[in-house]
Amino acid sequence: MNLSTSISHLKFKSCICNASGPKCSLLEELQNLDNSVSCAVITKTSTLEKREGNPQPRYYDNLLGSINSMGLPNQGHNYYIKHSEKINKPYIISMTGFSLDELITVLTNIIISKTNFNKKIDGIEINLSCPNIIGKGQIAYDFKELDNYLKEICFIYSNLLERFNEKPILGIKLPPYFEIHHFETAGEIISKYPIDFITCINSIGNALLVDIKNESTVIKPKGGIGGLGGSYVKPTGLSNVRNFYLQFKKRNRDIKIIGCGGIETGKDAFEYILCGADLLQIGTQFYKEDVGCFNRILKELTEVMKYKKYNNIDEFKGKLKTI
Ligand code: SIN
């Protein structure tokens, strides 16, 4: 059974890894992922400077999923550049900025660490969708901004890496969209640029869970409002993967799709691939189960594929039938 996949020139031994989110902030956590069955190591979204994030409690989960308002606690982007040498697997730095200028500074530093100092950075995932920054919206919901950000990002990326053979793969992490014309607009904008992948979806922003016993919110920041993950969001994640798959197919663009949102079992993984995902990220379930989830989900996916007589993921990727 072949569960490998690739994005551009970067090859992955399997199709399941961690999501930028839980347990990927500190070197010990990144090394824990490196020693696991996860096919890549993706860092917590890094910013220009180290951040403590939002006040605690800021994460809560139940049987159906999770809510968080972490507020991007991370060690600052230089930490993730510095420790890249200690990771053996495909290493993808997630990053963002609180303005376009700041984002470009972080991106430039990461790229220069590769071009000038040969740091082992295999990919860059730019987070344009964090719902938890107090006083800031999600960039990718503003289509003019999305277009502008992508223009600047791709300009810097192409110029700095012009003569570099094995460029780090470049992708963006998107929020969930809910309107068909939003897929059309986002699909059209993204298709104009030379990016390698999109990750969909980030959590469903501005959700609220209630603690009925205490008649209170379950997390503290933003009056209890936060990003929803886990099973609650799987149908939305599947729909986003499917809609972007069809958008890119229609435009003849080979932009790979990383599916994320509520993947708990091998069956969930199969559904995402059937909808068009090339690679899968696990967030809430990784938080709950730790690194054992990667092996278990891969084994379960193998069982589903065996039962259906598929030998590799390309045989069913994107082949969802409509009735
Ligand atoms: C957070 O740190 O608030 C979560 C990250 C995200 O949703 O992008």
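The values are calculated or read from the model by the stated rules, or taken from the named source; none is laboratory data. All values derive from a computational prediction rather than experimental measurement. Cβ coordinates were reconstructed from backbone atoms using ideal geometry, including for glycine residues, and neighbour counts include every protein chain displayed. Surface accessibility is based on the protein's heavy atoms, side chains included, excluding ligands, DNA and RNA. Shrake-Rupley method; radii C 1.70, N 1.55, O 1.52, S 1.80 Å.
Laid out as a table, the results:
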{"quantity": "Segment 236-310 - Rg over Rh from alpha carbon coordinates, Kirkwood radius", "calculated": "1.01"}
{"quantity": "Relative contact order (%) - criterion: Cα under 8 Å, at least six apart; region: segment 263-313", "calculated": "51 percent"}
{"quantity": "Radius 10 Å from Cβ of residue 277, net charge of other residues (Lys, Arg +1; Asp, Glu -1)", "calculated": "+1"}
{"quantity": "If the convex hull is drawn through the Cα atoms of segment 13-122, its volume per residue in Å³", "calculated": "118 Å³"}
{"quantity": "Residues residue 290 and residue 145, FRET efficiency given R0 of 41 Å [Cβ-Cβ distance, rounded to 0.05]", "calculated": "0.65"}
{"quantity": "Distance (nanometres) between label positions extended 7 Å along Cα→Cβ at residue 323 and residue 303", "calculated": "2.4 nm"}
{"quantity": "Percent RCO, i.e. relative contact order, over the chain, from Cα pairs under 8 Å lying at least 6 residues apart", "calculated": "20 percent"}
{"quantity": "Computed accessible area, residue 1, all protein chains, 1.4 angstrom probe, square angstrom", "calculated": "110 Å²"}
{"quantity": "Under-5 Å amide H pairs with residue 209, H placed in peptide plane, nonlocal only", "calculated": "218"}
{"quantity": "Paired Rg and Dmax values of segment 194-323, which use every Cα atom, in angstrom", "calculated": "16.6, 53"}
{"quantity": "Considering only the chain, percent of DSSP beta bridges that pair antiparallel, nearest 5", "calculated": "40 percent"}
{"quantity": "Inter-label distance for residue 254 and residue 163, nm, one decimal - labels placed 7 Å from Cα along Cα-to-Cβ", "calculated": "2.6 nm"}
{"quantity": "Where Rh is the Kirkwood radius over Cα pairs, Rg/Rh for segment 149-237", "calculated": "1.14"}
{"quantity": "Proximal charge balance of residue 287 [Cβ under 10 Å; K/R count +1, D/E count -1]", "calculated": "-1"}
{"quantity": "Student exercise, segment 252-323 dipole from Lys, Arg, Asp, Glu Cβ charges, in Debye to nearest 20", "calculated": "280 debye"}
{"quantity": "For segment 91-233: relative contact order, % (alpha-carbon pairs under 8 angstrom, 6 or more apart)", "calculated": "22 percent"}
{"quantity": "Virtual spin-label span in nm between residue 52 and residue 28, 7 Å along Cα→Cβ", "calculated": "2.1 nm"}
{"quantity": "Debye log10 I(q)/I(0) for the chain, one point scatterer per Cα, at q = 0.09 Å⁻¹", "calculated": "-0.42"}
{"quantity": "Segment 209-280: trypsin sites (Lys or Arg not before Pro) in DSSP coil with no more than 11 other Cβ atoms inside 10 Å", "calculated": "213"}
{"quantity": "Ranked packing of 227-236, 14-23, most packed first, by mean Cβ within 10 Å", "calculated": "14-23, 227-236"}
{"quantity": "Size of charge dipole - the chain - debye, nearest 20, with Cβ of Lys, Arg +1 and Asp, Glu -1, no other charges", "calculated": "620 debye"}
{"quantity": "Farthest positive-ward along the chain dipole, Cα basis, beta-carbon charges - from 239, 25, 57", "calculated": "239"}
